[in-house]
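The values are calculated or read from the model by the stated rules, or taken from the named source; none is laboratory data. Being a predicted model, the structure only gives us computed values, none of them experimental. Cβ placement follows ideal geometry from the backbone for every residue including glycine, while neighbour counts extend to all protein chains displayed.
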Amino acid sequence: MATFESTLKSKLIYVFAINDERHSDCLKIGETTIDEDDGTNLFNNSEALREAANRRIRQYTKTAGIAYQLLHTEISIFMRSGMIMTFNDKQVHHVLERSGIKKKEFADVKGADEWYCCDLETVKKAIQAIKKGETSLKPSDITHGRTPIVFRPEQSEAIKKTRKRFLKGNHMLWNAKMRFGKTLSALQVVKEEEYTRTLILTHRPVVDEGWFEDFGKIFYDRNDYKYGSKNNGEEFGALQRMSAKGIKYVYFASMQDLRGSEQVGGKFDKNDEIFSTPWDFLS
């Protein structure tokens with residue numbers, strides 16, 4: 001008996017970034033196809049969609065040795081008023097342009113017309129606008145800085161190795177040089193591992209501000225995580241109360257402060273709650 005394979009293909013939209021100075025302020029919005037299936041694997045950022053997008057992106061990045069980060073995938077089929085409708089990447093570009101979002105111009109490259117100077121959340125809002133039949137964004141829909149950090153290959157490798165190590169043990173030491181990006185990478189481990197209570201312990205109290213800033217870059221899209229320290233974010237008592245309601249947190253403390261506590265031989269009655277907390281992760 002003869003057999004037949006379906007030639008039906010669905011389209012999907014993908015968004016990716018490249019971590020280098022040249023592409024630091026822009027995202028690529030493109031489209032590709034995926035073999036039709038029963039629809040169960042075509043939700044946003046599903047493995048099937050990501051595989052199809054990666055296959056397409058590698059066609060024009062692999063030979064150049066370019067490391068990229070796939071940020072979003074979404075099937076281009078949707079329902080409006082009971083009707084099945086589709087959209088394409090050109091429509092996303094059109095909404096962005098009519099909203100004042102500029103294309104990224106590369107002086108020495110022709111045809112690179114799918115790069116836009118915006119963040120991921122703005123691209124998602126543009127897709128939602130299309131589905132609602134709109135051709136531009138409201139000013140409040142245009143955000144800045146709401147794009148996942150695009151980690152360099154060595155950072156991604158450190159994160160991957162750490163998570164793999166934690167399947168067998170609970171210690172990992174990074175031999176990382178200055179400017180490696182240890183703060184961002186450590187916070188990404190917290191995010192991917194879904195740690196409930198994380199303690200950042202350092203000899204340098206002054207870096208609290210940096211940890212707080214980087215926390216915002218990593219957890220910008222998560223409402224279930226809070227940051228706390230003596231000077232930034234929430235106080236420790238507030239974090240404990242939030243924890244009872246399902247909020248996870250990252251707390252920054254200095255060794256200078258903690259070693260003054262009576263519990264570790266110091267002279268001051270303080271930090272008892274910190275010492276008695278069952279921490280999931282210490283960085």
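Residue count for the stretch 111-169 satisfying the condition of being of a type in the set (A, V, I, L, M, F, W, C) and either in a helix (DSSP H, G or I) or without any contact (Cβ under 8 Å) to a residue 24 or more places away in the chain (or both): 10.
When the residues of the stretch 245-271 are narrowed to those that are loosely packed, with under 15 Cβ neighbours inside 10 Å and at pLDDT 90 or above, which ends up farthest from the chain's Cα centre (by Cα)? The qualifying residue farthest from the chain's Cα centre (by Cα) is Lys245. Go through the residues of the stretch 158-170 one by one and say whether even a single one is in the same structural domain as Glu213 (by TED's automatic domain parsing), of a type in the set (Gly, Ala, Ser) and farther than 20 Å from Arg222 by Cα. Checked against the condition, which is being in the same structural domain as Glu213 (by TED's automatic domain parsing), of a type in the set (Gly, Ala, Ser) and farther than 20 Å from Arg222 by Cα, the stretch 158-170 yields at least one hit. The set of residues from the stretch 187-203 being more than 22 Å from Glu235 (Cβ to Cβ) and part of a helix (DSSP H, G or I) comprises Gln188, Val189, Lys191, Glu192, Glu193. The residues in the stretch 20-33 that are modelled with pLDDT under 90 and either part of a helix (DSSP H, G or I) or of a type outside the set (Asp, Glu) (or both) can be counted, and the count is 4.
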